[in-house]
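**Q** My questions will all concern the structure given below.
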Amino acid sequence: MNILVVGAGGQIGTELIPHLQSLYGEDNVIAADLKKDNVLRLGESCRAITLDALDMKSYREVVSNYGIGRIYNLVALLSATGENNPQLAWEINMGALLNSLELAREFNCSVFTPSSIGAFGHSTPHINTPQDTVMRPNTIYGVCKVAGELLSDYYYTRFGVDARSVRFPGIISNGALPGGGTTDYAVEVFYEILKTGHYTCPIPENTFMDMLYMPDALNACTQLMDCDPANLVHRNSFNVTAMSFSPKELFAAIKSRIPSATFKYEVDPVKDKISASWPDSMDDSCARKEWGWNPTWDLELMVDDMLKAISAKINR
Ligand code: AKB
């Protein structure tokens, strides 16, 4: 089976590619991205091509020519960026998903498209947010995620397309930087503290959000897609989380390792409103029960690893 990752140059794709190569073989993974510099970078270690996922003709040629059996559709404008241009966010996020599902129907592929904690809103229970609950988001990103979950389930029930997904919380990683998200602070802080000793945070100090360290996020992407579908009660989309913390707690963990680090808050009103509407902590028991989700990275392990990896990167 050949696997196509669309939107491969971003935070998740950059690390998903080597993870997929290690599981399914180097030559069976194709990375596609709109940006030429991303394609050049990815091309150093895998088969990489330029592709605009909104251009159905080119997308179809790629799926057909490379004999694709599984698509990871990672094309998205994230929550904070989406608010600057909601129409564009809808066009990109929904356009790439619809094209991916249509091609999956035509070429009998399975499809993974991440959903997000952004699919929830103010009226969702914020503590231990259930798998099946109220979903009335107040961002265009969240609206696309809810619509995307429904569309993916529709393609499964109506056309038998094997579409599966998870609701990712903030993902913390030390490869490619995230961009345009509300949870990005939890990555940015490591770079700023190690480069300048200081970080100014756009999120209020006591706002809790769920988070995952990248190795767990990568396992979610592959474990769910490889599990026996007979065990799945849900499909689109599963709550997954490994930790929930506030900026204050994260910064305390960093400060206990780097006592000279200093922090201040300059709250961004857009990110404040978005983060306040998201869960404080999710219940991921359905993912655990239906496909064996079992994350291994907690706050302390993650902070140690991030500081080590980013120090090495900066001092290289
Ligand atoms: C964002 O902050 O927009 C993303 C997400 C949680 O989906 N990281």
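**Q** Keeping to region 22-39, report how many residues are aliphatic (A, V, I, L, M), without any contact (Cβ under 8 Å) to a residue 60 or more places away in the chain and over 16 Å from Gln11 (Cα atoms).
**A** So the count comes out to 2.
**Q** Another one. Regarding region 275-289, can at least one residue be identified that is open to solvent by less than 40 Å² (accessible area, probe 1.4 Å), away from the ligand (no atom under 16 Å from the Cβ) and farther than 25 Å from Leu78 by Cα?
**A** There is at least one residue in region 275-289 that is open to solvent by less than 40 Å² (accessible area, probe 1.4 Å), away from the ligand (no atom under 16 Å from the Cβ) and farther than 25 Å from Leu78 by Cα.
**Q** Return yes or no: is Lys145 surrounded by 22 or more Cβ atoms within 10 Å (Cβ to Cβ) and either assigned to a helix (DSSP H, G or I) or free of Cβ contacts under 8 Å to residues at least 60 places away in the same chain (or both)?
**A** So Lys145 passes the test.
**Q** Based on what the data block shows, is Ser311 touching a Leu at 6+ places or on another chain (Cβ under 9 Å), hydroxyl-bearing (Ser, Thr, Tyr) and open to solvent by less than 60 Å² (accessible area, probe 1.4 Å)?
**A** yes
**Q** Something else: Among the residues of region 177-188 satisfying the criterion of being open to solvent by 20 Å² or more (accessible area, probe 1.4 Å) and more than 9 Å from the ligand (Cβ to nearest atom), which is modelled with the highest pLDDT?
**A** Glu188
**Q** Related question: Looking at Leu307, Leu224, can you tell me which residue is closer than 23 Å to Tyr185 by Cβ and either outside any loop (DSSP other than H, G, I, E, B) or of a type in the set (S, T, N, Q) (or both)?
**A** Working: Leu224 fails: closer than 23 Å to Tyr185 by Cβ.
Going through Leu307, Leu224 in turn, just one is closer than 23 Å to Tyr185 by Cβ and either outside any loop (DSSP other than H, G, I, E, B) or of a type in the set (S, T, N, Q) (or both): Leu307.
**Q** Taking into account only those residues within region 14-36 that are touching a Gly at 6+ places or on another chain (Cβ under 6 Å) and in a helix (DSSP H, G or I), which is surrounded by the fewest Cβ atoms within 10 Å (Cβ to Cβ)?
**A** Here the residue is Glu15.
**Q** Looking at Asp210, Asp216, which one is assigned to a helix (DSSP H, G or I), open to solvent by less than 20 Å² (accessible area, probe 1.4 Å), touching a Ser or Thr at 6+ places or on another chain (Cβ under 9 Å) and acidic (Asp, Glu)?
**A** Asp216
**Q** For region 153-176, name all the residues that are closer than 19 Å to Cys221 by Cβ and either within 16 Å of the ligand (Cβ to nearest atom) or free of Cβ contacts under 8 Å to residues at least 24 places away in the same chain (or both).
**A** Ser165, Val166, Arg167, Phe168, Pro169, Gly170, Ile171, Ile172, Ser173, Asn174, Gly175, Ala176
**Q** Would you check which residues across region 37-85 are open to solvent by 20 Å² or more (accessible area, probe 1.4 Å) and within 16 Å of the ligand (Cβ to nearest atom) and list them?
**A** Leu74, Val75, Ala76, Leu77, Leu78, Thr81, Glu83, Asn84, Asn85
**Q** Give all pairs with beta carbons closer than 6 Å in which a residue from region 238-249 that is more than 11 Å from Ala186 (Cβ to Cβ) and open to solvent by less than 30 Å² (accessible area, probe 1.4 Å) meets a residue that is in a strand (DSSP E or B) and of a type outside the set (Ser, Thr, Tyr); count only pairs at least 6 apart in sequence or on separate chains.
**A** Pairs that qualify, where the first residue is more than 11 Å from Ala186 (Cβ to Cβ) and open to solvent by less than 30 Å² (accessible area, probe 1.4 Å) and the partner is in a strand (DSSP E or B) and of a type outside the set (Ser, Thr, Tyr), are Phe238/Val166; Asn239/Arg167; Asn239/Met282; Val240/Val166; Thr241/Asp210; Thr241/Met282.
**Q** Going by what's in this entry, would Thr129 be described as open to solvent by less than 30 Å² (accessible area, probe 1.4 Å), over 19 Å from Gly180 (Cβ atoms) and out of contact with any strand residue (DSSP E or B) (no Cβ under 9 Å at 6 or more places or on another chain)?
**A** Against the criterion (open to solvent by less than 30 Å² (accessible area, probe 1.4 Å), over 19 Å from Gly180 (Cβ atoms) and out of contact with any strand residue (DSSP E or B) (no Cβ under 9 Å at 6 or more places or on another chain)), Thr129 does not qualify.
**Q** Here's another thing I want to ask about it. Taking region 106-126 as the search range and keeping residues that are within 16 Å of the ligand (Cβ to nearest atom) and assigned to a strand (DSSP E or B), which one is surrounded by the most Cβ atoms within 10 Å (Cβ to Cβ)?
**A** Ser116
The values are calculated or read from the model by the stated rules, or taken from the named source; none is laboratory data. In this text the structure is predicted, and so the values were computed from the model without any measurement. Counting neighbours? That spans all protein chains shown, and the Cβs are built from the backbone with ideal geometry, glycine included. Accessible surface is based on the protein model in full, side chains and every heavy atom, while ligands, DNA and RNA are left aside. Shrake-Rupley method; radii C 1.70, N 1.55, O 1.52, S 1.80 Å.
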